[in-house]
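The values are calculated or read from the model by the stated rules, or taken from the named source; none is laboratory data. All values derive from a computational prediction rather than experimental measurement. Don't worry about glycine lacking a Cβ; one is built from the backbone with ideal geometry, like all the others, and counts go over all protein chains shown. Accessible surface is based on the protein model in full, side chains and every heavy atom, while ligands, DNA and RNA are left aside. Shrake-Rupley method; radii C 1.70, N 1.55, O 1.52, S 1.80 Å.
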Amino acid sequence: QLQASGGGLVQAGGSLRLSCAASGRNFSTYAMGWYRQAPGKEREFVAAISWAGYSTYYSDSVKGRFTISRDNAKNTGYLQMISLKPEDTAVYYCAADKTILTIVRSRYAIDYWGKGTQVTVSS
């Protein structure tokens with residue numbers, strides 16, 4: 001199971017760090033990632049990281065502003081967000097799958113989803 005946290009209300013230009021806590025013994029063998037869904041829009045890919053942390057992927061809209069990381073000893077993944085914009089407002093979901101490219105390209109095939117955390121960026 002995955003549990004996302006760390007969302008909140010922030011002004012444009014501000015920063016937040018989201019956390020995704022995983023239960024179970026095998027988190028370190030799964031790639032993990034983040035998606036987001038704004039009202040009335042499709043859920044979209046944000047970032048992903050391989051099980052060992054050596055490979056990362058980002059959507060063009062967040063590249064250079066968001067950083068994904070993980071601490072396998074704590075069974076936790078993170079999404080550091082800086083220079084936030086109002087268009088970053090969405091519910092953010094963490095996800096885990098054995099294959100990082102599934103997270104990047106095939107959201108319907110992802111093994112595990114966490115409940116979302118709301119991020120609201122005011123202008």
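One table, with the values for the structure above:
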item	result
Charge context of Ser55, other residues only, Cβ under 15 angstrom, K/R +1, D/E -1	+3
Whole-percent carbon and sulfur share, accessible surface of the chain, 1.4 Å	48 percent
Whole-number accessible area per residue in Å² for the chain, which is evaluated in the context of all protein chains at 1.4 Å	53 Å²
Net charge of neighbours whose Cβ lies under 13 Å from the Cβ of Asp97, counting Lys and Arg as +1 and Asp and Glu as -1	+2
Distance cut-off 20 Å, percentage of C-alpha pairs in the chain lying past it	34 percent
Thr56-Ser23 pseudo-label distance in nm [points 7 Å out on the Cα-to-Cβ vector]	2.9 nm
Neighbourhood charge, 14 Å Cβ-Cβ cut-off, centred on Glu44 and excluding it, Lys, Arg +1 and Asp, Glu -1	+2
Distance between segment 1-59 and segment 82-100 - C-alpha centres, whole angstrom	5 Å
R0 of 22 Å, Cβ-Cβ distance Ser83-Gln118: FRET efficiency to nearest 0.05	0.70
Cleavage-rule hits, chymotrypsin sites (Phe, Trp or Tyr not before Pro), segment 34-69, DSSP coil, Cβ neighbours within 10 Å at most 12	Tyr54
